[in-house]
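The values are calculated or read from the model by the stated rules, or taken from the named source; none is laboratory data. If you're wondering where the values come from, they're calculated on a predicted model, not measured in any experiment. Please note: Cβ atoms are built from the backbone with ideal geometry, for glycine as well, and neighbour counts cover all protein chains shown. For the accessible areas, the whole protein counts, side chains as well, though only heavy atoms, and no ligand, DNA or RNA atoms are used. Shrake-Rupley method; radii C 1.70, N 1.55, O 1.52, S 1.80 Å.
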Amino acid sequence: MNIFKKYLLVFLVSMVPLFELRYTMLTLVPVLNVNYAIAYTVGILGNMLPVPFIYLFARRILEWGRDKRFIGKFFNWCLIKGEKGGKKLQNTAGKGLYFALFLFVGIPLPGTGAWTGTLAASILDLDFKKTIVAVMSGVIFAGLIMMALSFGLFEVIF
């Protein structure tokens, strides 16, 4: 596989919910044997590309589809998960809501990535620009953590 295709794969996999940049840095980049700095940058771009669209359109699409025959259950599940995560974040954070959003996205745990964080921000009607900054900061932070894990840095420390 040529180098362009490898970075394209990093970009595309980083866009996929559940995988995002976290999976890419930990598993895909070492297998592809590409430059970590370039892959990290490409992965951030891939992970962030859907974020404005999620913020602007996901809630509307999910609400539209919540009563549709084949997709209704899944769309309802997404809305409930987003509302639940958003309210929990809002109750816990208080005035530090955007910092909490950063931490929610930045600490690489299952279900806490850019997609879920942005959907929660959209459902809570948080400020668009502040949401983008918080989510992007979280993506960058989570990517650094996963890159450190892939280098085995935490094994050395602990």
Problem set entry | Unmet criterion (only one of (1) more than 15 Å from GLY113 (Cβ to Cβ); (2) at pLDDT 90 or above) for GLU20 | (1)
Problem set entry | Which numbered condition LYS130 fails, given (1) in a helix (DSSP H, G or I); (2) closer than 23 Å to LEU32 by Cα | (2)
Exercise. Considering PHE74, PHE141, which residue is in contact with a Phe, Trp or Tyr (Cβ under 8 Å, 6 or more places away or on another chain), modelled with pLDDT of 90 or more and open to solvent by 80 Å² or more (accessible area, probe 1.4 Å)?
Worked result: PHE141
Exercise. Of the numbered conditions (1) surrounded by fewer than 19 Cβ atoms within 10 Å (Cβ to Cβ); (2) on the phi < 0 side of the Ramachandran plot, GLY111 satisfies every one except a single condition; which is it?
Worked result: (2)
Seminar exercise, completed: Within the range 20-39, residues under 14 Å from the mean Cα position of the chain (by Cα) and crowded, with 19+ Cβ neighbours inside 10 Å come out as GLU20, LEU21, ARG22, THR24, MET25
Exercise. Which pairs do you get when a residue that is hydrophobic (A, V, I, L, M, F, W, C), found in the range 78-98, comes within reach of a residue that is surrounded by fewer than 15 Cβ atoms within 10 Å (Cβ to Cβ), reach meaning Cβ atoms under 9 angstrom, with the pair 6+ apart or on two chains?
Worked result: LEU79/GLU63; ALA93/PHE99; LEU97/LYS130
Problem set entry | Subset of the range 123-138 (residues that are more than 14 Å from the chain's Cα centre (by Cα), open to solvent by less than 30 Å² (accessible area, probe 1.4 Å) and modelled with pLDDT of 90 or more) | LEU126
Exercise. Residue check: is VAL135 part of a helix (DSSP H, G or I) and touching a residue at least 40 places away in the same chain (Cβ under 8 Å)?
Worked result: yes
Problem set entry | Pair list, Cβ under 6 Å, 6 or more apart: the range 43-63 residue more than 16 Å from LYS81 (Cβ to Cβ), other residue of a type in the set (D, E, K, R) and part of a helix (DSSP H, G or I) | ASN47/GLU20
Exercise. With respect to GLY72, is the statement that it is under 16 Å from GLY138 (Cβ atoms) and among the small types (Gly, Ala, Ser) true?
Worked result: no
For this session: Within the range 95-127, track down each residue that is farther than 14 Å from ILE145 by Cβ, among the hydrophobic types (A, V, I, L, M, F, W, C) and not in a helix (DSSP H, G or I).
Result: LEU124, LEU126
